[in-house]
Each structure stands twice: as structure tokens, then as C-alpha cells.
Amino acid sequence: MSELSKNYEPKQYEDEIYKKWEESGFFVPENLPNTKGRYVNLLPPPNANGEMHVGHASGYVVMDLLGRYHRMKGEKVLLLPGKDHAGIQSQVVYEKKIKKERGISRHDLGREKFYEEIFAFCKDRAQYMRSQEKKIGLSADWNREKFTMDPDLVNIVLETFVAMYNEVDKKGNRMIYRGDRIINWCPRCATALSDVEVEHEEQITKLYTFKYNQDFPFAISTTRPETKLGDTAVAVNSKDKRYKKYIGQEFKVDFVGVPLTIKVIADHEVDMDFGTGALGVTPAHSAVDWEMAQKNNLPIIKVIDEQAKIYSGFGKFSGMKAGEARVAVVEALRESGLLEKEEDYPNNLSICERCKTPIEPLVSKQWFVNVDHANFSLKKAARKTIEKEEIKIYPERFKDVMLSWIDNVRDWCISRQIWWGPRIPVWYKGEEMMASVDSPGAGWKQDEDTFDTWFSSGQWAYSTLGYPNGKDYKEFYPSDTMIMGRDILPFWAFRMIILSLYRTGKAPFKNLYFTGLVRDEKGQKMSKSKGNGIEPIEIINKYGTDAVRLSLLIGNTPGNDLNLGEQKIAGFRNFTNKLWNISRFVLLSIENPNIDVERPKAKTLADEWILGKLGMVIYHTTDALENYQLSFAGEKLREFTWDDLADWYLEIAKIEGGKSEMLNYILNVILKLWHPFMPFVTEQIWEEIYGADKMLMVEKWPICHPERSEGSLKQFELLQSIIIGIRSVRADKKIEPAKKINVVISAGKQAELLEENREIIEGMARLESLAIAPKVEKPDNSVGIVVGSCEVFIDLAGLIDATKEKARLEGEIKALEGYVAGLKAKLTNPEFSQKAPPAVVEKERAKLKEAEEKIEKIKGQVSSI
RNA sequence: GGGUGUUUAGCUCAGUUGGUUAGAGCAUCGCGUUUACAUCGCGAGGGCCGCAGGUUCGAGUCCUGCAACACCCACCA
């Protein structure tokens, strides 16, 4: 066994350790010896076009922590990694790339070539991302890594489509149907978007109030005059007296040169106080209006096409860009004196989540999933699953968020007009149409559209396992835990649940854990443009992976955002080093490290105390991990390691000596407990102790010894209080640390205990001499402090200012008297003694007694000054 | 407009089913190189637990209202 270096240098060890783990084969569940039970975690696939950011890292750390914990518990652990093809986003990224590098567009390549190239591009990026994921210590089975565009996964996705398409109810409605519906259209991406792919951005726009023509009886207001070319109605509130008489009437108008037929309809959604209280209904370009049109059987007139240009048939406006048409329409209205008002108005502009281009709502032929189909209602099935807690959600409050999402979900538009993604398996031949994974034969032409990415990733829970006949599917479905960012609840969690329920009949996982977002130390969102981001690889190189892992785990709770600054990471780097040095000390102190160490018998009070504490920390850590309280587990461990072990027990070990067995055992246990949190440093120490052939990663998780040792805990705490009390007086009186002092303790019944542990007090408080007796009068020139039932007199020859000392003690008495008064008031209150549980009353009595005794003792000291 | 969360020390946050005189880390201040560690040790200061009510013997903790901030959903054209 070689001596450890003074400081832990992560860079020196991490890559080697990871290699060792990987080569051991233990990331592969089948290679784990003697497993009992299984633990499966399918890792959420990040987009295969980028790189790992700190948000990903934060998720991986949680997944890996749980994976490593369960592996040490002896379970057959599978962490299955993968990548998502991220349809629109990857296509946008790759189009930019070929534009920049080769000056070409996807049309220059053609669909097939473009597809091949982007596939290769994603595979290449995936490899790079994998190397980053290894840096964070992810113990995933890389042999099983999946990509949503791998042919076998695509096949399962297509089969799902066909099955849903063939799900027909008695009325002939399909679960997947094609229809003209209003959708969110991104003119830049030239594709439909689902509701969740649209963001909103506040802006100031103009609100125009005008009349269609001179003959129209009243004015309407709009922010989008160009769409008014497609108005087929005006909606008013049925309670509105101004317009009641017009309801049901039809007006033929000439609107800036375009003939329109406007029907006046009533709708309770119309706000009488907004604008003129009359709303021009444009069914083809507003989701709300479209619904009104459905209810009222209004004709639908498309005005804006998929390039965001005005269709032909609208006079001089035809062919204009929507923006130009807006100016032109307003100008025409102004010229003819129909424009009544023009005012600034703040509203939310819909923009494309991927490219930030303003969305055009328009009517288009798309594929939809009916989420409430008569044969199998996806939303009802999902609701039941969540309500019955077949999936347990962390944090619990997200259950309600999920339920309200389920309740409000609308039919899901799954077709996208892009090239990158699985192509919709519907085939056409003349008037015929059929759904089929493979081409039905010659003459059949496949649908041009591809799937919404979430239709693929929504099947991740079983497509990665080879549904329905794969060995993995049979063994590992459903998985135990799914961990994802809280921002993708509506995108992914919900979709994964509905698709899995439909396809497999089972919920996809048992536990669903949401992480929050990682923000900078001021709580700002990290972004490249602000330059406030933390690059995981950069920061790992600086502080080590373990420090980064700890700073993402401790002080982080499910569903809540985490503010992360470099200082915090530096703090945990310090802790990593602390653990290293604890080990270093232990290795210098013990004779023959034994890997199969049994819990030793306590020889001293300190031994008994630390074993009790260790037992507690095993219990708390295990319990917290079982309940997904990861931060709590880490905090308890840190508290034990630094405060109890390093600051007290190791110092005492130097004094008492003969701790070989004890230290061997304690280090052995805490390395195991820490391993899931900080795998690298613990594994390296393990190797230094036990040699390269023993691997901590697959050691057995420590068992908690349930015996309690309340007595030794209390006794040891008395020692601690005495030592801290003396140290405090020393610091207060500015006694040099090197100077040893004399102390006398009037110890009452505790005399024997203190006598047994006199070495500890002498050593820890740096004493010259210590006298212990049941009853001692306060020596001259000493300062007295009361600790529990003991009085500790510290000899301060020549350093005492009698007046100051008296004032200090009197101040203390005064504070105590206030405290006592409060306790007395509480205890003499009959309501308290009657209604409070006896244990609580008893506790208060004890407190009172103790405080009163303390006052007496201090009074005694005052009188002796 | 609807919803969720947050509000505790200068900063970041714990505070488990209501029950000690409310805790930690970082930062600050003082002292210090005792043979594991200065990426360290010892000590100290620092809090009307957002505001106002209520329930209770007892509230940081439960209820109601309000405020500020953050986020999500819907979107009044």
C-alpha cells in the first residue's frame, strides 16, 4: 500500500477509473454476480445534434446515483442510454451547417441524400456526446445504446401508427385520422407544429378599429387586418344590447375591394368591453375563430398560404407577404375613411420554439391522434394511471400538474412537413389510401410527411427494449424510475404514458422523478448569449467530476430549480479533498486493511458514540435514497463525515490510539455510502486500500445495525459541550492556542464519566492540568461556565477583569430568567398541562429544572467574584 | 384570466406527521501552521421565518386573505 498524495487530483485518476469500470463489464446487467431483483432506468435521450450541457449533467447525476445505489444493493441494474433524432431541431441545425459550409440547401441534396447525411451527422454527434456522458461518470450499458432513428426503433413506431390508424370505433372514427384543421404553422421551418412547440413572446403591436365598409353597421377591432380578408362572421356577446338586433343577419360587404359575406353570430366568449365588443371571425387563421366556425357552420376562407403569402383571389393583395398585406390593408382602410382608431396594444406573439419565427395559424391537412377515442381513450387511461398512483410522481405536487394537463389536452397533430424523421406509413394509389409499415406494392406512393419527434420519443419506454418480443422487453419493462426535466412534462412524460398504455397495456415506469432547471447563481437562466452558462466539461476539468456531481445533488430538490455558481462547486471540491485526506490519515493509522471488516466492539465512549452515529447515518442515507430524498442523504453523509468523523473522532483517535479496527471499519462503510454520490474519488481510495482487483462499484451496500445508544450519545455530547465551552473561553480571552491552561470541573454525578475520558478533554481543549471532582468551589482567578450539570472553571490567572466577568454572568442570568419565566408561564397554564401530550409536558418540566439549576450555579459564581 | 412554486442569516438553501432558546454551507470577523488536509483547524457575530388575520395550550410548520418574484397553461380579437 502506497501513501496517498497530499491532495486529491481528479484529473490524474478519473479517466483511468472510468476505463476500469467499463472494462469490468459491470455496466452490463447480465455481468453482475448474484443479483436479486432488478432496477431499470431508461435514460432520456438528449438531442443528437448538440452536446451535453449542465442540465443534462444534472439529470445524469441523479440517474447514475440511483443506478449505482441499486447496483450496490445487489440488484440487476440497467441504465439504458440513447439519443433522440430531434426532427425539426436537427434539420434546422443541419440545414444551417450545409448552407454555411457548402452553400447548399436540402433541396440541392434531395430527400434521400439529405436523410443519409443527417443520419450520419447525428451518429457522429452522438459519439461525441457519449464521451461527455462518460466524463460525468455515467454507469450506463453502452452496448445497449439506442437512437430513435435506428431501423428497429423506427419499425416499432410505425407499427404503433398502423395499430392506432386501424383502431376504428362503431361510427367509423379512427384513433389516428387525417383532417383539415387549424394548426400552428412555422413559415421558416415550413411545417406544422404541435401546441407545445409554440412559445409566446410579449410585444407591442397596433390594434386597429375599423368598419368593413360604409354600410356595415358597426366597427370591429383587430391586430391582424390582413387576415380580415378571410372573415366570414362577426361575433358579439349575446347579452350586448348594442348588437343584439343584428344577431343572425348577414351582410354582403366590399372589404377593401374584396367581397365578403359576414354573418353576425353570438358567442359567450366575446368580451363586451374589449375594443368595440365585436369580433371579426377569421376561421382559417385563428384557433378560437376556427372553433366558432365549427360551432356555427361558417365557411372557411384561407387567406395566407404556407409561405405566409396571400392566396390569389384577393385582388391587389394576392401574392403579398402577410406583413406587406397588413400595411396595404390598413392603408386602404385609411384612404376610404373606414379606419376609426389605431392604438398601441401589448399582446403575446406566438413564435416557433426552434427558430423563433412568428407562427401563422392556418388550416392545413394534417395527421392527428384522437386522445379521447371511443375504443381506448388515451386521456382517460392516463388519468386513471396517475390517479391510482400506478406511477408515483416526485415531487408529489406534479401529480396535479399532470392531471390538469391530461384534462386540457387536445387532439395531437403528429405530422410534420420535414424530411428528418420516420415517414408516415400511409400509402396512396389514386383514390385509395392505406396504412402499412411497408409499401403495399407497385404504384403506391408514400405520404410525404414525417412524424412529430415526440411520437417517436414517446415510445422510448418500450421501443428501446424491443417491444413486443424482445428479451429485454420481457425482462425490463416497465422500468423502475424515469427521470426528466420538469420542462418536458407535457411533451414527453404525458406522451410516453399514453402511448405506452395503449401499446403495452401497462404504465411505462413505476416512478417519475422531475428535476428542476439549472440556473446561474443569481437565478438567471443560463444561456450562451448571456455567457453565464457553466460548461460541464470545463468545470469538470477544473474541479473534478465528483465535485460537480455533489454540487448538482446536494441542495437540489425534485422539481425545483437549482442555482449553481462556481463557488459551490469549489466548496465540494474541498470536500472531495477532505474525504481523501480522511482516508490518508486512516491509512497511516491502521495496520492491515481488511475488506471484509466486521463491525468492531467499542472500547471507549468515543467508539460507542461514533458507531452509534455511523449506524444512524447508514439508516438515514438508505432511507432517504429509497424515498428519492437525494439531497438529504448527501447532507447527512457530509455532516457525519466532516463534523463527527473528521473533527471529533479522528482527533480523538490520535489521543486514544489503538483505533486500527475502528477506523478500518468506518472508512470502509463511508466509502461505500459515498460511492453513488462521488464514484471516482471513492473508487480510487478503495483501490489504494484494497488493491486494483477489488472494485467498490460492486461492493455490498452497508447494513444498518439498529441498536440504539442514546446513553453514549448524551454522554459524549456532554464531553463535546465541555470542550467547546473551554475553547470558546480561550478564544474569547485571547489565550494563544499554544498555551496550555488549567481547568477544574465540578462534575457532580458525571465525575466518573469525565474521569474516564479525561485524556479527551485534556487533548481536545489543550489543557495543562485537569482536576475533576464531584463538588469543587470556584477557584480564584478563574472563569466559570455551566455545561449541563457540570461547572467548568478555567484558570485565567491575571486575565480576568472582575467587573466585566460579573457583567457577563449577570447578563447570562438575565437571559435565563426570561427563558424560565416563559417556561413557567407555559407550565402553569392549565390548558397546556391538560391538552399537551404528557411527554411534551415532561420535557418542558425538565427544561425548567435544568435552567433553574443553571441559574443557581451562575449565581454562586457571581457571589464568589 | 387560470394554475404551480418560491419568500427563513449578506448569498444559496435545510427545517420530515405543529412541541428545545430556528439550522447548515458559502461569505464576514478574530485567532492559528497541534506530524490527514490552509482545498485546513478553532472560535465569534449575524434572523419580527414576506405582510395581515385565523385555528391551537402551542405555528417557520395548518387555514384564509394580501404582496413580491419565478415558471407553466390559456389568450381579448
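The values are calculated or read from the model by the stated rules, or taken from the named source; none is laboratory data. Computed from a predicted structure; not experimentally measured. We place every Cβ from the backbone using ideal geometry, glycine too, and count neighbours over all the protein chains shown. Protein only, heavy atoms only, side chains kept; ligands, DNA and RNA dropped before computing areas. Shrake-Rupley method; radii C 1.70, N 1.55, O 1.52, S 1.80 Å.
If you go through region A:521-555, how many residues are more than 8 Å from RNA strand B (Cβ to nearest atom) and open to solvent by 10 Å² or more (accessible area, probe 1.4 Å)?
Taking region A:521-555 and keeping what is more than 8 Å from RNA strand B (Cβ to nearest atom), we get A:524, A:526-554.
Going one step further and asking which of them are open to solvent by 10 Å² or more (accessible area, probe 1.4 Å), we end up with A:524, A:526-535, A:537-539, A:541-543, A:554.
Summing the residues that are more than 8 Å from RNA strand B (Cβ to nearest atom) and open to solvent by 10 Å² or more (accessible area, probe 1.4 Å) in region A:521-555 gives 18.
Hey, can you tell me all the residues within region A:264-280 that are in contact with a helix residue (DSSP H, G or I) (Cβ under 8 Å, 6 or more places away or on another chain) and either open to solvent by less than 50 Å² (accessible area, probe 1.4 Å) or at pLDDT 90 or above (or both)?
The answer is A:VAL264, A:ILE265, A:ASP267, A:GLY280.
Name the residues in region A:605-620 that are open to solvent by less than 40 Å² (accessible area, probe 1.4 Å) and not aliphatic (A, V, I, L, M), would you? Give the steps one after another, and end with the answer.
If we filter region A:605-620 for residues that are open to solvent by less than 40 Å² (accessible area, probe 1.4 Å), which is where we start, we get A:605-607, A:609-612, A:614-615, A:617-618.
Hits for region A:605-620 are A:ASP607, A:TRP609, A:GLY612, A:GLY615.
Pairs only if they're at least six apart or on different chains, beta carbon under 8 angstrom, first in region A:480-507 and over 26 Å from A:VAL518 (Cα atoms), second within 16 Å of RNA strand B (Cβ to nearest atom); list them, first residue then second.
A:ILE498/A:VAL371; A:ILE498/A:LYS379
Applying the selection to region A:620-644, what residues are closer than 23 Å to A:TRP686 by Cα and near RNA strand B (Cβ under 8 Å from one of its atoms)?
A:GLU635, A:ARG638, A:GLU639, A:TRP642, A:ASP643 - these are the residues of region A:620-644 that are closer than 23 Å to A:TRP686 by Cα and near RNA strand B (Cβ under 8 Å from one of its atoms).
Of the residues A:VAL743, A:VAL669, only one is assigned to a helix (DSSP H, G or I) and modelled with pLDDT of 90 or more; which? Quick ask: steps written out before the conclusion?
Numbers: A:VAL743 fails: assigned to a helix (DSSP H, G or I).
Criteria check complete, one pass: A:VAL669.
Looking only at region A:682-698, how many residues end up being over 23 Å from A:ASP64 (Cα atoms), in contact (Cβ under 8 Å) with a residue 24 or more places away in the chain and of a type outside the set (Val, Ile, Thr)?
Applying the first criterion (over 23 Å from A:ASP64 (Cα atoms)) to region A:682-698 yields A:688-691.
Of the ones still in play, those that are also in contact (Cβ under 8 Å) with a residue 24 or more places away in the chain are A:688-690.
Add one more test, that the residue is of a type outside the set (Val, Ile, Thr), and what stays is A:688, A:690.
Residues in region A:682-698 being over 23 Å from A:ASP64 (Cα atoms), in contact (Cβ under 8 Å) with a residue 24 or more places away in the chain and of a type outside the set (Val, Ile, Thr): 2 in total.
Does A:GLU736 satisfy being within 15 Å of A:ASP795 (Cα to Cα), open to solvent by 40 Å² or more (accessible area, probe 1.4 Å) and within 14 Å of RNA strand B (Cβ to nearest atom)? Spell out the reasoning first.
Working: within 15 Å of A:ASP795 (Cα to Cα): yes; open to solvent by 40 Å² or more (accessible area, probe 1.4 Å): yes; within 14 Å of RNA strand B (Cβ to nearest atom): yes.
Yes; evaluated as a whole, the condition is true for this residue.
Is it the case, given these coordinates, that A:ARG334 is surrounded by 18 or more Cβ atoms within 10 Å (Cβ to Cβ) and at pLDDT 85 or above? Quick ask: steps written out before the conclusion?
Working: surrounded by 18 or more Cβ atoms within 10 Å (Cβ to Cβ): no; at pLDDT 85 or above: yes.
No: the conditions fail for A:ARG334.
Looking at (1) open to solvent by 50 Å² or more (accessible area, probe 1.4 Å); (2) closer than 24 Å to A:MET175 by Cα, can you tell me which one A:TRP460 breaks?
Result: A:TRP460 passes all but (1).
Residues in region A:488-516 that are open to solvent by 20 Å² or more (accessible area, probe 1.4 Å), at pLDDT 85 or above and outside any strand (DSSP E or B): how many?
Residues that pass the stated criteria total 5.
When you scan region A:768-780, do you find a residue that is in contact (Cβ under 8 Å) with a residue 40 or more places away in the chain and either closer than 24 Å to A:TRP648 by Cβ or within 16 Å of RNA strand B (Cβ to nearest atom) (or both), even just one? Give the steps one after another, and end with the answer.
If we filter region A:768-780 for residues that are in contact (Cβ under 8 Å) with a residue 40 or more places away in the chain, which is where we start, we get A:777-778.
Right, trim to either closer than 24 Å to A:TRP648 by Cβ or within 16 Å of RNA strand B (Cβ to nearest atom) (or both) and you get none.
The answer is no; no qualifying residue exists.
Those residues that are modelled with pLDDT of 90 or more and in a strand (DSSP E or B), I need them from region A:174-194; list them, please. First the steps, then the outcome.
Applying the first criterion (modelled with pLDDT of 90 or more) to region A:174-194 yields A:174-178.
Result: A:ARG174, A:ILE176, A:TYR177, A:ARG178.
Filter region A:219-239 for residues that are more than 10 Å from RNA strand B (Cβ to nearest atom), of a type outside the set (Lys, Arg) and either out of contact with any Phe, Trp or Tyr (no Cβ under 7 Å at 6 or more places or on another chain) or under 20 Å from A:ILE301 (Cα atoms) (or both) and give the result. Steps first, answer last, please.
Initially, region A:219-239 is screened for residues more than 10 Å from RNA strand B (Cβ to nearest atom), giving A:219, A:226, A:229-230, A:232-234, A:238-239.
Next cut, of a type outside the set (Lys, Arg) only: A:219, A:226, A:229-230, A:232-234, A:238.
Within region A:219-239, A:GLU226, A:LEU229, A:GLY230, A:THR232, A:ALA233, A:VAL234, A:SER238 meet the criteria.
Hey, A:LYS341 hits all of (1) touching a Ser or Thr at 6+ places or on another chain (Cβ under 9 Å); (2) crowded, with 20+ Cβ neighbours inside 10 Å but one; which does it fall short on?
So A:LYS341 meets the others, but not (2).
Condition first: within 25 Å of A:SER479 (Cβ to Cβ) and in contact (Cβ under 8 Å) with a residue 40 or more places away in the chain. Can you find one or more residues in region A:105-122 that meet it? Lay out the reasoning, then the answer.
In the first step, residues of region A:105-122 are kept if they are within 25 Å of A:SER479 (Cβ to Cβ); the result is A:122.
If we keep only those that are in contact (Cβ under 8 Å) with a residue 40 or more places away in the chain as well, we get A:122.
Looking for residues that are within 25 Å of A:SER479 (Cβ to Cβ) and in contact (Cβ under 8 Å) with a residue 40 or more places away in the chain, one finds at least one in region A:105-122, hence yes.
If a residue must be surrounded by fewer than 16 Cβ atoms within 10 Å (Cβ to Cβ) and in contact (Cβ under 8 Å) with a residue 40 or more places away in the chain, how many such residues does region A:781-798 contain? It would help to see each step written out before you state the result.
Taking region A:781-798 and keeping what is surrounded by fewer than 16 Cβ atoms within 10 Å (Cβ to Cβ), we get A:781, A:789, A:797-798.
Cutting the leftovers down to in contact (Cβ under 8 Å) with a residue 40 or more places away in the chain gives us A:789.
Total satisfying the criteria: 1.
Could you list, in sequence order, all residues of region A:471-487 that are farther than 27 Å from A:PHE376 by Cβ and either open to solvent by 10 Å² or more (accessible area, probe 1.4 Å) or within 13 Å of RNA strand B (Cβ to nearest atom) (or both)?
Pass one, region A:471-487, residues farther than 27 Å from A:PHE376 by Cβ: A:471, A:483, A:485-487.
Across region A:471-487, the qualifying residues are A:LYS471, A:GLY485, A:ARG486, A:ASP487.
I'd like the full set of residues that are among the polar types (S, T, N, Q), closer than 29 Å to A:GLU226 by Cβ and not in a strand (DSSP E or B), limited to region A:339-390. Write out each step before concluding.
Initially, region A:339-390 is screened for residues among the polar types (S, T, N, Q), giving A:347-348, A:350, A:357, A:364, A:366, A:370, A:375, A:377, A:385.
With closer than 29 Å to A:GLU226 by Cβ added as a condition, the list becomes A:347-348, A:350, A:357, A:364, A:366.
Selection gives A:THR357 alone.
Would you confirm whether any residue within region A:434-447 is open to solvent by 50 Å² or more (accessible area, probe 1.4 Å) and under 28 Å from A:ASP195 (Cβ atoms)?
Checking region A:434-447: not a single residue is open to solvent by 50 Å² or more (accessible area, probe 1.4 Å) and under 28 Å from A:ASP195 (Cβ atoms).
Which members of region A:1-37 meet the condition of being part of a helix (DSSP H, G or I), more than 16 Å from RNA strand B (Cβ to nearest atom) and touching a residue at least 60 places away in the same chain (Cβ under 8 Å)? It would help to see each step written out before you state the result.
Quick first cut of region A:1-37, residues part of a helix (DSSP H, G or I) only: A:10-24, A:29-31.
Pick out the ones that are also more than 16 Å from RNA strand B (Cβ to nearest atom) and you get A:15-24, A:29-31.
Across region A:1-37, the qualifying residues are A:ILE17, A:TYR18, A:LYS20, A:TRP21, A:GLU22, A:SER24, A:PRO29.
Quick check on A:ALA751: is it buried (at least 16 other Cβ atoms within 10 Å of the Cβ), part of a helix (DSSP H, G or I) and among the small types (Gly, Ala, Ser)? Full working, then the answer.
Values: buried (at least 16 other Cβ atoms within 10 Å of the Cβ): yes; part of a helix (DSSP H, G or I): yes; among the small types (Gly, Ala, Ser): yes.
So A:ALA751 passes the test.
Applying the selection to region A:279-303, what residues are assigned to a loop (DSSP other than H, G, I, E, B) and of a type in the set (Lys, Arg)?
The initial filter retains those residues of region A:279-303 that are assigned to a loop (DSSP other than H, G, I, E, B), namely A:282, A:286, A:297-303.
Matches in region A:279-303: A:LYS302 only.
Tell me which of these A:LYS171 doesn't satisfy, since it passes every other one: (1) away from RNA strand B (no atom under 16 Å from the Cβ); (2) in a strand (DSSP E or B).
(2)
Given the structure, is A:LEU718 open to solvent by less than 20 Å² (accessible area, probe 1.4 Å), modelled with pLDDT of 90 or more and assigned to a helix (DSSP H, G or I)?
no
What's the number of the condition A:PRO600 fails, among (1) open to solvent by 10 Å² or more (accessible area, probe 1.4 Å); (2) within 8 Å of RNA strand B (Cβ to nearest atom); (3) not aromatic (Phe, Trp, Tyr)?
Single failed check for A:PRO600: (2).
Considering only region A:209-262, give the strands (runs of 3 or more DSSP E) lying wholly within it that have at least 3 residues that are touching a strand residue (DSSP E or B) at 6+ places or on another chain (Cβ under 6 Å) and open to solvent by 10 Å² or more (accessible area, probe 1.4 Å). Don't jump to the end; show me each part of the working.
On the way: elements: A:220-222, A:233-236, A:250-255.
The strands (runs of 3 or more DSSP E) meeting that bar are A:250-255.
Select from region A:404-433 the residues that are away from RNA strand B (no atom under 16 Å from the Cβ), surrounded by fewer than 16 Cβ atoms within 10 Å (Cβ to Cβ) and of a type in the set (Gly, Ala, Ser) and list them in ascending order.
A:GLY430
Would you check which residues across region A:653-665 are more than 10 Å from RNA strand B (Cβ to nearest atom) and in a helix (DSSP H, G or I) and list them? Please lay out each step first, then the result.
Quick first cut of region A:653-665, residues more than 10 Å from RNA strand B (Cβ to nearest atom) only: A:655-665.
The answer is A:ILE655, A:GLU656, A:SER660, A:GLU661, A:MET662, A:LEU663, A:ASN664, A:TYR665.
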